[in-house]
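Visitor: The structure follows.
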Amino acid sequence: MKNNLTQSDIFDLNPDNLPPELAKELSKQRERKKDRRVLHLFDIKNPLSVNEVLVGIYRQNEIIVKRAWVGNMLYQLTKEGLLKKITAHPGRWEKV
């Protein structure tokens with residue numbers, strides 16, 4: 001370990017300052033931030049459709065994501081027990 005590093009240097013999460021193989025391992029943490037963005041939309045309106053999530057992400061964060069990414073995110077959040085699919089309304093999810 002380098003003794004001249006400060007605490008902020010040791011825990012700097014900037015991927016530009018890390019070897020690529022380590023930066024890849026941090027991607028799950030970045031995904032958690034995206035999870036929170038999606039879950040925040042369900043705090044505003046519940047339930048939501050995929051289209052509403054797509055538009056909500058754009059309007060809240062000014063980023064455009066792929067429909068497949070949203071579908072995957074909704075699936076993962078459902079698998080984790082944070083959302084559930086509404087069987088009476090296909091294509092809609094609600095926060096648990």
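Rule-based calculations on the coordinates, nothing more; no lab input. Just so you know, these numbers come straight off a predicted model, no measurement behind them. Glycine also receives a Cβ, built like all others from the backbone with ideal geometry; neighbour counts cover every protein chain displayed.
Visitor: Can you tell me the orientation of helix 27-44 relative to the chain, as the angle in degrees between its alpha-carbon axis and the longest Cα principal axis, to the nearest 10?
Guide: On a 0 to 90 degree scale, this one is about 40.
Visitor: I would also like to ask the following. Could you list the square roots of 5 times each eigenvalue of the Cα gyration tensor of the chain, that is, the equivalent ellipsoid semi-axes, sorted largest first and rounded to whole Å?
Guide: 34, 13, 12
Visitor: Right, something else. Compute the helix-to-body angle for 67-79: its Cα long axis versus the longest principal axis of the chain, expressed 0 to 90° and rounded to tens.
Guide: That helix lies at roughly 90 degrees to the long axis.
Visitor: Let me ask something else about it. May I ask which residue of 46, 73, 60 lies farthest towards the positive end of the charge dipole of region 29-95, with charges of +1 (Lys, Arg) and -1 (Asp, Glu) on Cβ and the Cα centre as origin?
Guide: Value computed over the given set: 73.
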